[in-house]
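In what follows, a structure is listed as structure tokens, so that the remarks can point back to it.
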Amino acid sequence: MTEQTTVPARLEAIELHRIEVPLVRPFETSFGRETVREALLVRVRTEAGDGWAECVAGREPFYSSEYVDGAAAVIEHYLGPALLAGAGRGPHEPDDGPQPVGGGAASAIASVPAAAAVGPALAVVSGHRMAKAALEAAVLDAELRAQGRSMAECFGAVRDWVDCGVSVGIAPTLEELLDEVAGYVEQGYRRIKLKIKPGWDLVPVGAVRELLGPAGLLQVDANTAYRQADIPLLAELDRFGLLLIEQPFAEEDLASHVQLAAACDTPVCLDESILDRTTALDAIERGATSIVNIKPGRMGGYLESLRVHEACLALEVPVWCGGMLETGLGRAANVALAALPGFLLPGDTSASDRYYAEDLTEPFVLGTGEHRGQLAVPAGPGTGVAVREELVQAWASAPPLLLR
């Protein structure tokens, strides 16, 4: 490897931890039904201290081609060795890839040379963005903890609290859906997102709109479940006054998203289609999306997410932070990201008890009073949360793996 694809010398080892965390209730989308969150945790050990991160890949390759077994294998055999092999040749600037539009992301990336070096060091491996994102986030956490800086400060956050939405899966019955949504409204969530699929769309959306009233913030997420022939059906969603319809068609099918955007008044938002700054700008230019869902795992890391945010901010395209059933570890970094100025819509940064009876870190709890329906942005160094290592051991589904 050349000096332009190395990371600073302080990286000593990488640990991989496989855990299974029970969900408080099953979560169903058009891809399937989950009752447990299988997570891959990455811990990097450096001369200055440790850093933790969570890989957002799911148990099965349904939402994405990436999945936990694959992410663990590619880190063990390729990404981890590449990162460790580069850890001895000194810091460097990132390569001349896609550059941020504004100064905020440029400043954040320039201020974290170790984390900024991870992407170039791993570029030899094609794809596997979620695995790469976990390594980058762990290095970033370690680096910022050593500096005594929070992710929010590094990213350029402008808020101490962020609005929270909640993602509601496909329920067994309409009555159960309405009971679940009513509970979230009572808790104070500021936006409801409904998962939809063919056969579970107009009726549940209409029922939830009636429950929320005309002023309640409501959006839907199709997770690529529809086809171009469904455009007339999807256009009927206009009558429900939705914030947006998220990713109705396959991630490669920008043409159908363009047609839907022209056929309906509801804004079209892209999720799975947006992999980086380049694909975001292309989709916006084509008219395939007017809102962007930013998920750092899908984009290969928080630094690329900053580039996407800056590009959208310059074009006045709203963004919001998506979720992947993260534990408190991944949620902490997402909340810091959601505090940036371009995040104008509530994200899927819900409280810990939305998914877990007990969280891997100190729990995220919805605020009260003027902060009802919001989460506080962590202010401590790095992610600002502490991993409960006793739970990592208790929930382990495989022995930890150490790479040196």
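Using packing as a proxy for protection, rank 317-330, 263-276 so that the peptide with the highest average count of other Cβ atoms within 10 Å comes first.
317-330, 263-276
Out of residues 5 or more away from Val158 or on other chains, whose amide H comes under 5 Å of its own, with H placed 1.01 Å from N in the peptide plane?
Correct list: Leu340.
Can you tell me, using C-alpha contacts under 8 Å and at least 6 residues apart, the relative contact order of the range 123-278 as a whole percent?
Normalised by residue count, the contact order of the range 123-278 is 15 percent.
Based on the inverse mean of 1/r over its pairs of different Cα atoms, what is the Kirkwood hydrodynamic radius of the range 108-184, in Å?
One over the average 1/r among Cα pairs gives 15.8 Å for the range 108-184.
Take each of the peptides 106-116, 212-222, 390-400, average the number of other beta-carbon atoms within 10 Å over its residues, and list them starting from the highest.
106-116, 212-222, 390-400
When only alpha-carbon atoms count, how far does the range 175-222 stretch along each of its three principal axes, as whole angstroms with the largest first?
Reported extents, whole Å, longest axis first: 29, 19, 16.
Given H placed 1.01 Å from N in the peptide plane, which residues other than close sequence neighbours of Ala386 have an amide H under 5 Å from its amide H?
Glu362
Considering only DSSP beta bridges whose two residues both sit in the chain, what percent are antiparallel, to the nearest 5?
Bridges in the chain are about 55 percent antiparallel.
Which whole-Hz couplings ³J(HN,Hα) result when phi for each residue of the range 227-232 is put into the Karplus expression 6.51 cos²θ - 1.76 cosθ + 1.60, θ = phi - 60°, listed in order with x for Gly and Pro?
Along the range 227-232, the couplings run 10, 4, 5, 8, 4, x Hz.
Pairs of Cα atoms under 8 Å, at least six residues apart: use those to get the relative contact order of the chain, whole percent.
22
In the P(r) worked out for the chain, what percent of Cα pairs fall beyond 37 Å?
For the chain, the share of Cα pairs beyond 37 Å comes to 17 percent.
Could you pull the Cα extents of the range 155-376 along its three principal axes, largest to smallest, in whole Å?
46, 42, 27 Å, listed from the longest principal axis down.
No value in this document is a laboratory result; all are computed from the given coordinates. These figures come from a predicted structure and were not determined experimentally. For neighbour counting, all protein chains shown are included, and Cβ atoms are generated from backbone atoms with ideal geometry for every residue, glycine included.
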